[in-house]
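Participant: One structure follows; several queries about it will come next.
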Amino acid sequence: MDLSQIKREYQELLNKLTDPELISRWEEFQSLSKRRSALEKIIKIAQDLEEAKQKIQENLEIISSQEDLELSSLAQTELESLKNREGALQKELEQQLKKGTQSAPSAVILEIRAGTGGEEAALFALDLFNMYVKYANQQGWKETVLDQNLTEQGGLKEGSIEFDGETVFENLQYEGGVHRVQRIPTTEKAGRIHTSTASVAMLPKPTKTELQINPSDLRIEATTSSGPGGQNVNKRETAVRVVYIPTGLMVVSQVSRNQQKNKDFALALLSAKLLAQKQEEEQKKLSSERKAQIGWAKRAEKIRTYNFPQDRVTDHRIEQSWHGLEKIMGGDLHPIVQALREYQEGHSQEP
């Protein structure tokens, strides 16, 4: 798609968005708004690039005229930074056009599960859960806890949380995989370092147009909530179990005391898992070249180690480390997220 097509489509979208009746068709309105934002980004880069080119031309004319030596000297000094800016904008525009103008999902679900390491793994899973919540708060995203299954000691067996925001997919797309922690557990009297794991699955939340589920394929059951120690557990049947009959895929939500909310949460989680399965099946049909381009974003392998004694986080995919673990666990994921995005974008440019 070239710039003239993008500008035409952008103008058509602006006209559609002025329709006062569109707001009543909320999902269509959201979809068009996201598409407009994606096109706006490309148009803005193109405009900035054109401005940089014009300034370069103006400076070249000043330099060649030699009418004012002081002004020529200033123009010459400014020329290098303008050319650098032109090159950076040109590269960014090419990347955006190559990536396409498809808008990314505006909502994703992170599913976090304790792995090997017993109670320490569950405590680490909860730390990860809280880390992502704090990061989401910093980004201004909306968060909805869909389910939390806690242990008696307050760790997390498994939990699911939905994040909704403009940059949510871009920033969380590489978080899926096995996360490993190395630290001395609070219960460890001999001061030995233990290694535990937790897994993170990143599931884009589908729109109604992406995935339609036949209600007759669902079995929805109300059940009592389960929880640690049997205390503070709601005895009423507010938890909801949803089974997708064709495959037997089952999800449960018990986080709310309201049965309807738990049903909504369970259906959101189920639809995200079904979309992930559908995408996985489609990926199996792709050529090996395309699979290589997709890269390591979807592989369920050990991706990151959180080493508390050395105050260091290491991402094994890009072989890069960061210090300041407490700050990172407090939600400061930006340096890691940025490094992963830059690495993947750089490698996707390679022939």
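No lab work stands behind these numbers, since they all come straight from the coordinates. Model, not experiment: these values are computed from the prediction. Note: ideal-geometry Cβ built from the backbone for every residue, glycine included; neighbour counts use all protein chains shown.
Participant: Mind checking the full-extension length gain between LEU150 and ASP332? Use 0.36 nm per residue of separation minus the Cα-Cα distance, one decimal, nm.
Facilitator: Full extension from LEU150 to ASP332 adds 63.0 nm.
Participant: Would you mind putting 33-39, 246-252 in packing order, based on average other-beta-carbon counts within 10 Å, highest first?
Facilitator: The packing order, highest mean first, is 33-39, 246-252.
Participant: How high is the relative contact order of region 3-99? Use alpha-carbon pairs under 8 Å, at least six apart in sequence, and give a whole percent.
Facilitator: Computed value for region 3-99: 27 percent relative contact order.
Participant: Now for a different question. What number results when the radius of gyration of region 66-174, computed over Cα atoms, is divided by 2.2 N^0.38 Å?
Facilitator: Against the compact-globule rule of thumb, the ratio is 1.83.
Participant: Kirkwood Rh and Cα-based Rg: tell me the resulting Rg over Rh for the chain, rounded to two decimals.
Facilitator: Ratio of gyration radius to Kirkwood radius for the chain: 1.06.
Participant: Once phi is turned into θ = phi - 60°, what whole-Hz ³J(HN,Hα) does the Karplus curve with 6.51, -1.76 and 1.60 give for every residue of region 166-180, x standing for Gly and Pro?
Facilitator: My calculation for region 166-180 gives 4, 9, 4, 5, 4, 8, 10, 5, 9, 8, x, x, 9, 9, 10 Hz in order.
Participant: Do any chymotrypsin sites (Phe, Trp or Tyr not before Pro) in region 1-72 lie in a DSSP loop with no more than 15 other beta carbon atoms within 10 Å, and if so, which?
Facilitator: Here no loop site has a sparse enough neighbourhood.
Participant: Calculate the spin-label point distance for THR186 paired with HIS316, positioning each point 7 Å from the Cα along the beta-carbon direction, and give it in nanometres.
Facilitator: If labels sit at HIS316 and THR186, their model points lie 2.8 nm apart.
Participant: Next question, about the same structure. Peptides 180-190, 325-335: what's the order by average Cβ count within 10 Å, highest mean first?
Facilitator: My ranking of the peptides, most packed first, is 325-335, 180-190.
Participant: Got a sec to turn the phi values of region 121-138 into Karplus ³J(HN,Hα) couplings, 6.51 cos²θ - 1.76 cosθ + 1.60 with θ = phi - 60°, whole Hz, x for Gly and Pro?
Facilitator: Values per residue, Gly and Pro as x: 5, 5, 5, 5, 4, 5, 4, 5, 4, 5, 4, 5, 5, 5, 4, 4, 4, 5 Hz.
Participant: Calculate I(q)/I(0) for region 3-99 by the Debye formula, one identical point scatterer on each C-alpha and no solvent, and give its log10 at q = 0.14, 0.16, 0.17, 0.24 Å⁻¹ to two decimals.
Facilitator: Values, matching the q order: -0.66, -0.75, -0.79, -1.12.
Participant: So if each residue of separation counts as 0.36 nm, and I subtract the Cα-Cα distance between SER65 and THR116, what length gain in nm does that give?
Facilitator: Using 0.36 nm per residue and subtracting the Cα-Cα distance, I get 11.1 nm.
Participant: Given the pairs LYS16/LYS44; LYS44/LYS134; LYS91/LYS205; LYS7/LYS55, which are separated by over 25 angstrom at their Cα positions?
Facilitator: Violating the 25 Å limit, Cα to Cα: LYS44/LYS134; LYS91/LYS205.
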